[in-house]
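Each value in this text was obtained by applying a stated rule to the coordinates, not by laboratory testing. These figures come from a predicted structure and were not determined experimentally. Note that we place each Cβ from the backbone using ideal geometry, even for glycine, and neighbour counts take in every protein chain shown.
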Amino acid sequence: MVIDEDSVKSQLKHELVEILKNMKERAKVATDVGWSIRFPESSDIVIFIDECIANFDGDEKRILWEIELLFAPTGTFQELSMANGWAQDYITIANKVDNIVKELKATINK
C-alpha cells in the first residue's frame, strides 16, 4: 500500500486547524486572561489564532513553533484552561496537538 504523504500532511493540517478553531471558540468565552502578558485580552488570543490559521500554508515551520508554544506546559492554552475551568479537556487536546505537530514536522523535514 502506497501512502500519499501529501494527503497525510493535508489531513494532519486540517485536524490541527480544527483544534485551533476549537481553541478560538474557547478563548472567545474566556473570562480570565489577566495572567497573560502576551495576550492581555481574550480577543488578542482569538486574533493570534486567526493569524496562525491564515498563515499556516505559507510559513509552516514558524506556525508549528507558535502552536507548540501555545500548547506548551504553562503556555497560553494551559493557563487559559486552568483559569477558565477546562483543564482536563486541555490535557487531551494538548496530547493530540503534540502528536500532530510531531508528525507534521517529520513531513516538513524530509
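Pairs of Cα atoms nearer than 8 Å and 6+ residues apart set the relative contact order; for the chain it is 31 percent. The HN-Hα couplings worked out from phi for segment 85-94 by the Karplus form 6.51 cos²θ - 1.76 cosθ + 1.60 (θ = phi - 60°) are x, 10, 4, 5, 4, 4, 4, 5, 4, 4 Hz, whole numbers, x standing for Gly and Pro.
When the chain is treated as a Gaussian network with alpha carbon springs shorter than 10 Å, the biggest mean-square fluctuation among LYS61, LYS24, LYS13 belongs to LYS61.
Averaging the sequence gap over all C-alpha pairs within less than 8 Å and six or more residues apart, then dividing by the number of residues, gives segment 56-110 a relative contact order of 32 percent. Once the Cα atoms are used to define both axes, helix 60-71 deviates from the longest principal axis of the chain by about 40 degrees. Taking max minus min of the alpha-carbon positions on each principal axis, segment 62-110 gives extents of 39, 18, 12 Å, largest first. Using the Cβ-Cβ distance between ASP44 and VAL8 with R0 set to 41 Å, the FRET efficiency works out to roughly 0.80.
With the charge dipole of segment 56-110 set up from +1 on Lys and Arg Cβ and -1 on Asp and Glu Cβ about the Cα centre, the Cα lying farthest toward the positive end among the listed residues PHE56, LEU80, ALA106 is that of ALA106. Shape class for the chain: prolate, because the ratio a/c of the largest to smallest gyration tensor axis (alpha-carbon atoms, square roots of eigenvalues) is 1.5 or more and a/b beats b/c.
Computing FRET efficiency as 1/(1 + (r/R0)^6) for ASN99 and ILE53, where r is the C-beta to C-beta distance and R0 is 22 Å, gives about 0.70.
Computed from point charges on the beta carbon alone (+1 for Lys and Arg, -1 for Asp and Glu), the dipole magnitude for the chain about its Cα centre is near 160 Debye.
Ellipticity at 222 nm from helices only: DSSP H runs of n ≥ 4 in the chain, each -39500 (n - 2.57), divided by the residue count, give -24000 deg cm²/dmol. In a simple Cβ point-charge model (Lys, Arg +1; Asp, Glu -1; nothing else charged), segment 56-110 has a dipole of about 200 debye relative to its Cα centre.
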